[in-house]
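Colleague: Before anything else, here's the structure in question.
The values are calculated or read from the model by the stated rules, or taken from the named source; none is laboratory data. All values reported here derive from a predicted model rather than from experimental measurement. Here the Cβ positions follow ideal geometry from the backbone for every residue, glycine too, while neighbour counts run over all protein chains shown.
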Amino acid sequence: MSGGQRVTRFPEIPEPLLNVRSAPGRNKRMIPAPFDASVVEGLSEAGGPPSLPDVSEVDTVRHFTRLSRLNYGIDHGMYPLGSCTMKYNPKIAEEIAARLARIHPADAPAMGRVLKCLKTLEQMLQEICGMDACSLWPAAGAHGELTGMMVIRKAFDIRGEKRRTVLIPDTAHGTNPASCTIAGFVTKNIPSGPEGYLDASALGQHLNEDVAALMITNPNTLGIFEREIRVIADLLHANGSYLYMDGANLNAVMGVARPGDMGVDCMHVNLHKTFSTPHGGGGPGSGPVLVKKELARFLPAPFIVRDESGGFVLRARPSEESIGMVHSCLGNVSVCIKALTYILSLGPSGLREAATVACLNALYLKSRLKDLFDLPYATPTLHEFVLSDARQKGRGVTTMDMAKALMDFGFHPPTVYFPLVVAGALMIEPTETEPLEELDRFIAAMEEIAETSREDPEKLHESPRAAPISRVDEVWAARNLILTWSDERIQPGEKGI
Amino acid sequence: MSYVSHNGAELRKILETIGIASPDEVFASIPEALRYGSPLAVGGPEDEESLRRDLAFHPSRVTFTGGGIHRHYIPAVVDAIASRQEFSTAYTPYQPEISQGTLQAVFEYQSMMAGLTGMEISNASMYDGATALAEAALMALRGKGIERIAVTRSTQPTYRSVLATYLAHTGQDGIREIPFDPKTGRVDLRALEESISPDTALFVQSPNYFGVIEPMEQIAEIASRKAGFWGVVITEALSLGVLTSPGAFGPDVVLGEAQSFGNPANAGGPLLGFLCTRKEHARRMPGRVAGLSKDSEGRQAFCLTLSTREQHIRREKATSNICTNQGLCALRAAVYLSAMGPRGLREAALQCAAGARYLMGLLGDRGIRPIFSGPVFNEFVIPMDEGKRAGLEKNGIVPGIPLAGWYPEIGRAVLTTVTEMNTQEECRCLADNV
């Protein structure tokens, strides 16, 4: 080890790449061999073994276990990523979903029961959202947005209307405009009002006969309920346009208020947020789409229907009016089953309690932090709130510094630099599953960071110090683009670059 | 069940700190008219044992189903590693300092996928093979001079359906379908030659949906001469264990479904879309990608890179809207490939091929021959009427996937798949009952 390096608490770093551990003959796995493979001839012209590392079972287990120790999960502690709803993922849901493992989707006798459960989930989501129909096939939130916007597009196409503009408030997630583009729309960014919500009286100037829809997130990414949403919906409907709702923040209002009752025509929910299925380090998620009756016939194929004997089957071929398929099979089925397990586990009172406590926990944090950090919007908030680095910046301490410093206190940082309407935003969503001690520990960490930013701002630039590695040079990565271990710039046998 | 920790005293402390008298006051900013007065009509609450009782699922006794979703041996280490909460409950690795586990595993996944497909780079995953195809088509259309998409009719029908859905809004005048030779089940090379031009992006699945291995050298010769962009679609990733790497034929992109790598059938999902390409296309590739970097002390580190293509930076100009992908499925694939190794992957692939040949032999003895004569990997199409198929299913034997809905020209037939999960006895059971 070269001089000047700190003594790390993570002997895993750097964990050599798997190919570095490889040596011919290490892997001694016994493969199930029910058939006589010597009969197979002429399949491979190249003939050589596939290009993979040759490591033992112990090598595999140690390697990935060491890697796992470099991660931070929800079972470690608070994960206050705003608009991501990182709540505890119940273990029972994993256990139940694992029962699907050996069922093939073409195993019709076995699928009857699965489809019945999926149908039940559709109905539960319709009830929770106040919508009339549902499709579970989108595999993630952005996939749900895309599917929903394709449904809206189809509704206009069928009517022979060529509306192409979608209005998107400046607080929206980046996926909103990206999904609209792929669905063939042009997006127009519209400013939210001075109080942090969309001003219905200001919406009129943007409405014209080319406006297909407004895409809104409610509560929005500032954690503020769009209090004029019903009026906004009426204005849109009078203009012949639809109201799309990004359901990323549904956790705040679950069991309390329903998007369908607010005038929403089409929306998606994120099962991996509100309904507690794990994020998996970036998926698999699930982004079911829900619509009002008028749009139901455009939903993606296939459809779960009852057959003559009362069982559940898929109507496989797209109907004439469906947008078609959006997934090769049934989306992330086992994620849906986890969400079903979660809803059944909590029941109606539990869902409402979750929303209530999610808001309570966020408001508790906000009450205790608002005097230490800049709070750009005084408007009441629900399940999340946004602070900024305005007070710290004068001393050279940025949101990035504070985010990285939180790692040294054992927390995952909040969402940073988003929403874009707040410079240096820190968007905090604790969720309902955080215990009071954890909230207090987070407050203590933030207090200490605020104090350090006053007394020793330099120190914060060096954070994190207690994480497995120090700050990563993302510019270097983008400039050099080393995306596989075969890249000739990686020296064989060496640990990295 | 409730996963909220607060007891009464703690709740009171929270309410006092906020300065409200009752929990419901947190919703004061929601207009009264929009509140939902009644309890939600959903089931529950249920205790865990009731959930276990109510949510039971069982597969059929004997199955020969594939068609893009495959049942394969999964080493026990895959579940053991993938169920570690450090991997399963983590978020997308935007904060690399505390996400090195996910990031390095993704980098290794990318490395192994690129190696197996014979391509230079791979993204971090897509939703499934079908959306990978749709995204690859959009990627092709972003290239200079590409204006139309052609795909072989023997490409998985659901993939073509998803492709059509995605392209409905691009102003394309439809997708050109290249027919197959009704005798061999292979692509009609003459039709291929005639229907593509430099403004075409061509996609060919091999082994194709009928299980037939396409004549890749001839296809590559035509594609490289006539198409502006071309891609190979793989729906059975295990075929990469024994067939020539598609990258050897020089395509622009190799994409498809890698569920076979350590991910169970799961009643249809989650699946694992993959997309591998050449370095020159890196900046218009969709999806996340992990890259090597270093930390401020010069140590090996990984982070998400090329993010200037992505929705959170580029918004409406992004190369794709994808955000959450299939991270844990990619991790499972990485652990699986590590556990299987080069010899294991090859042996498992050979077992699939051997099993298909064994079953074909048994069926042949009873006068049932595959509809197509082209060479297969582990799937093949046999004639079977609906009554026979339903009868078998009733007895717990699922003989394959019926094709008539997608291919009326073939008639009553099923796509039958054999893997190393089937036994000789199961094959005999099917053959004896057909």
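Colleague: Going through A:Asn249, A:Asn220, A:Asn176 one at a time, which residue ends up being touching a residue at least 24 places away in the same chain (Cβ under 8 Å), in contact with a Pro (Cβ under 6 Å, 6 or more places away or on another chain) and not basic (Lys, Arg)?
Modeller: A:Asn249
Colleague: A follow-up question, please. Which pairs have Cβ atoms under 6 Å, sit 6 or more apart or on different chains, and link a residue in segment B:33-50 that is within 7 Å of chain A (Cβ to nearest Cβ) and closer than 17 Å to A:Leu351 by Cβ to one that is assigned to a loop (DSSP other than H, G, I, E, B) and not aliphatic (A, V, I, L, M)?
Modeller: The qualifying pairs are B:Tyr36/A:Arg258; B:Leu40/A:Gly255.
Colleague: Being part of a loop (DSSP other than H, G, I, E, B), surrounded by 22 or more Cβ atoms within 10 Å (Cβ to Cβ), modelled with pLDDT of 95 or more and of a type in the set (A, V, I, L, M, F, W, C): is that true of A:Leu382 here?
Modeller: When the stated conditions are applied, A:Leu382 passes them.
Colleague: Within segment A:30-62, how many residues are under 27 Å from B:Val78 (Cβ atoms) and more than 7 Å from every other protein chain (Cβ to nearest Cβ)?
Modeller: The total comes to 6.
Colleague: Collect the residues in segment A:319-351 that are touching a helix residue (DSSP H, G or I) at 6+ places or on another chain (Cβ under 8 Å), more than 7 Å from chain B (Cβ to nearest Cβ) and in a loop (DSSP other than H, G, I, E, B), keeping them in residue-number order.
Modeller: Matches in segment A:319-351: A:Ser319, A:Glu321, A:Ser322.
Colleague: A further question on this structure: Kindly provide the set of residues from segment B:250-271 that are under 29 Å from A:Ser38 (Cβ atoms) and away from chain A (no Cβ under 11 Å), ordered by number.
Modeller: B:Ala258, B:Ser260, B:Gly262
Colleague: Take A:Leu236 and tell me if it is crowded, with 23+ Cβ neighbours inside 10 Å, more than 22 Å from A:Glu429 (Cα to Cα) and either away from chain B (no Cβ under 11 Å) or in contact with a strand residue (DSSP E or B) (Cβ under 8 Å, 6 or more places away or on another chain) (or both).
Modeller: Taking the combined requirement at face value, the residue satisfies it.
Colleague: Could you figure out which of (1) closer than 22 Å to B:Ile98 by Cβ; (2) part of a loop (DSSP other than H, G, I, E, B); (3) of a type outside the set (Phe, Trp, Tyr) isn't true of A:Val475?
Modeller: (2)
Colleague: Also, quick follow-up: A:Arg465 is checked against (1) of a type in the set (Lys, Arg); (2) within 11 Å of chain B (Cβ to nearest Cβ); (3) over 29 Å from the mean Cα position of the chain (by Cα) and fails just one. What number does that condition carry?
Modeller: Exception for A:Arg465: condition (3).
Colleague: Related question: For the condition more than 11 Å from chain A (Cβ to nearest Cβ) and assigned to a helix (DSSP H, G or I), what is the one hit in B:Leu163, B:Leu240, B:Leu192?
Modeller: B:Leu192
Colleague: Something else: Can you go through A:Ser328, A:Ser286, A:Ser319 and tell me which one is surrounded by fewer than 19 Cβ atoms within 10 Å (Cβ to Cβ) and hydroxyl-bearing (Ser, Thr, Tyr)?
Modeller: Answer to the selection: A:Ser319.
Colleague: Determine, yes or no, whether A:Pro169 is closer than 24 Å to A:Leu375 by Cα, in the same structural domain as A:Thr221 (by TED's automatic domain parsing), of a type outside the set (Val, Ile, Thr) and without any contact (Cβ under 8 Å) to a residue 60 or more places away in the chain.
Modeller: yes
Colleague: May I ask you to list the residues in segment A:352-376 that are over 16 Å from B:Ala28 (Cβ atoms), more than 8 Å from chain B (Cβ to nearest Cβ) and of a type outside the set (Asp, Glu)?
Modeller: Selection gives A:Leu365, A:Leu369, A:Lys370, A:Leu372, A:Phe373, A:Leu375, A:Pro376.
Colleague: Going residue by residue through segment B:275-286, is there one that turns out to be closer than 20 Å to A:Ala142 by Cα, more than 7 Å from chain A (Cβ to nearest Cβ) and charged (D, E, K, R)?
Modeller: yes
Colleague: Taking A:Thr484 as the residue in question, decide whether it is modelled with pLDDT of 95 or more, of a type in the set (S, T, N, Q) and part of a helix (DSSP H, G or I).
Modeller: So A:Thr484 fails the test.
Conditions tested, residue by residue: (1) in contact with a Gly (Cβ under 7 Å, 6 or more places away or on another chain); (2) at pLDDT 95 or above; (3) in the same structural domain as A:Leu330 (by TED's automatic domain parsing).
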{"site": "A:Thr8", "(1), (2), (3)": "no, no, no"}
{"site": "A:Asn27", "(1), (2), (3)": "yes, yes, no"}
{"site": "A:Ala37", "(1), (2), (3)": "no, no, no"}
{"site": "A:Glu45", "(1), (2), (3)": "no, no, no"}
{"site": "A:Leu52", "(1), (2), (3)": "yes, yes, no"}
{"site": "A:Phe64", "(1), (2), (3)": "no, yes, no"}
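Colleague: Quick check: is even one residue across segment B:140-156 in contact (Cβ under 8 Å) with a residue 12 or more places away in the chain, in a helix (DSSP H, G or I) and over 14 Å from B:Leu255 (Cα atoms)?
Modeller: Checking segment B:140-156: at least one residue is in contact (Cβ under 8 Å) with a residue 12 or more places away in the chain, in a helix (DSSP H, G or I) and over 14 Å from B:Leu255 (Cα atoms).
Colleague: Answer yes if at least one residue in segment B:264-271 is in contact with a Ser or Thr (Cβ under 6 Å, 6 or more places away or on another chain) and either surrounded by 24 or more Cβ atoms within 10 Å (Cβ to Cβ) or within 20 Å of B:Ser111 (Cα to Cα) (or both), and no otherwise. Lay out the reasoning, then the answer.
Modeller: Let us first name the residues in segment B:264-271 that are in contact with a Ser or Thr (Cβ under 6 Å, 6 or more places away or on another chain), namely B:266.
Narrowing further to those that are either surrounded by 24 or more Cβ atoms within 10 Å (Cβ to Cβ) or within 20 Å of B:Ser111 (Cα to Cα) (or both): B:266.
Within segment B:264-271, one or more residues are in contact with a Ser or Thr (Cβ under 6 Å, 6 or more places away or on another chain) and either surrounded by 24 or more Cβ atoms within 10 Å (Cβ to Cβ) or within 20 Å of B:Ser111 (Cα to Cα) (or both).
Colleague: Looking at segment B:93-118, I want the residues that are outside any helix (DSSP H, G or I) and have a partner that is surrounded by fewer than 24 Cβ atoms within 10 Å (Cβ to Cβ) with Cβ atoms under 6 Å, at least 6 apart or on another chain. Which pairs are those?
Modeller: The qualifying pairs are B:Gly118/B:Ser245; B:Gly118/B:Gly247; B:Gly118/B:Ala248.
Colleague: Scan segment A:218-271 for residues that are closer than 23 Å to B:Ser38 by Cβ and assigned to a strand (DSSP E or B) and report the count.
Modeller: Of the residues in that region, 5 qualify.
Colleague: Give the residue, chosen from B:Ala318, B:Ala348, that is at pLDDT 95 or above and crowded, with 21+ Cβ neighbours inside 10 Å. Steps first, answer last, please.
Modeller: On the way: B:Ala318 fails: at pLDDT 95 or above.
Going through B:Ala318, B:Ala348 in turn, the sole match is B:Ala348.
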